[in-house]
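One structure is given here, and the rest of the page talks about it.
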Amino acid sequence: MKSIFCSRGRQTFPVEGWREDLRVDGRGCEDYRCVEVETDVVSNTSGSARVKLGHTDILVGVKAEMGTPKLEKANEGYLEFFVDCSANATPEFEGRGGDDLGTEIANTLYRIFNNKSSVDLKSLCISPREHCWILYVDVLLLECGGNLFDTICIAVKAALFNTRIPRVRVLEDEEGSKDIELSDDPYDCIRLSVENVPCIVTLCKIGYRHVVDATLQEEACSLASLLVSVTNTGVVTCMRKVGKGSLDPESIFEMMETGKRVGKVLHASLQSVLHKEESLGPKRPKVGFLG
């Protein structure tokens, strides 16, 4: 990601402000910036979403394709993640510069969704051991401006909410051979329940305080961050520390509690926005460069 260097002089004012729960842009330590969410933005996908948080811009497309279930989970479908770090997001991604970050983000998403309560994968099964739906989730980083993991998780959840999978009927003849029939009615589809899909809340430790939704400048002042995956009920499904610094047990506990509290509010706000946008129907105005 784009690296920013902050001298000690430039760090003094923000650090003093964080102690008083005041940040450079006027937010409190537990406040997110305004999040722009738009779904159904790519026509040739099963579901899509574009999310902009500050100067971070993420586009996610979901493509449903028929495949064979995994041997160890014969009655479930599954998700595959691919993350493309566009060179337009930052010059550091030119060539193979973004490969490591893309792999890191994909592995984090696999870890989050490796939970039976996140998505009902059994609903993606068509015929046990034979056919299932595979959801290919493609994440494109259009611009990097801080708080990357949170923005990507919001975009993935919004894209899965927008995903529509054709309804399938399995027909069996007298000889026992099976034939699959896809409905050609665009409204005859199945929808995924994303209510339990977790969102990541990244907490950056700066001095004696921690902040959520850090800007690039704030991330440059932080030596360690904690990624907390939180459900809509405030349950922590997994955690991960990033950065070269260390975190003491007391700080980790405080950051977890903040993550649970902030995560519940984030989920409620996102669900409200998604349902409101869907209620507008196909006549809703398109915004942004994809409009």
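Structural remarks
- G61 satisfies every condition listed in (1) open to solvent by less than 20 Å² (accessible area, probe 1.4 Å); (2) modelled with pLDDT under 95 except (2).
- Scanning segment 224-236 for residues that are more than 25 Å from C34 (Cα to Cα) and either without any contact (Cβ under 8 Å) to a residue 24 or more places away in the chain or open to solvent by 60 Å² or more (accessible area, probe 1.4 Å) (or both) turns up nothing.
- Pairs where the first residue, in segment 109-135, is more than 15 Å from A64 (Cα to Cα) and the second is among the charged types (D, E, K, R) and open to solvent by 50 Å² or more (accessible area, probe 1.4 Å), C-beta under 7 Å, 6+ apart: S127/K178
- Residue in segment 240-261 that is open to solvent by less than 20 Å² (accessible area, probe 1.4 Å) and farther than 23 Å from N115 by Cα present: yes
- Note on segment 149-182: among residues that are open to solvent by 10 Å² or more (accessible area, probe 1.4 Å) and under 30 Å from the mean Cα position of the chain (by Cα), the one that is modelled with the lowest pLDDT is L182.
- Residues being open to solvent by less than 60 Å² (accessible area, probe 1.4 Å), part of a helix (DSSP H, G or I), modelled with pLDDT of 90 or more and out of contact with any Phe, Trp or Tyr (no Cβ under 7 Å at 6 or more places or on another chain) are entirely absent from segment 74-92.
- Number of positions in segment 184-211 that are under 24 Å from A49 (Cβ atoms), touching a residue at least 12 places away in the same chain (Cβ under 8 Å) and among the hydroxyl-bearing types (S, T, Y): 2
- Count of segment 236-255 residues which are over 19 Å from the mean Cα position of the chain (by Cα) and either in a helix (DSSP H, G or I) or farther than 13 Å from K205 by Cβ (or both): 7
The values are calculated or read from the model by the stated rules, or taken from the named source; none is laboratory data. None of the values given here were measured: they were computed from a predicted structure. Because the Cβ atoms are built from the backbone with ideal geometry, glycine has one as well, and the counts that use them run over all protein chains shown. Accessible surface areas use protein heavy atoms only, side chains included; no ligands, DNA or RNA. Shrake-Rupley method; radii C 1.70, N 1.55, O 1.52, S 1.80 Å.
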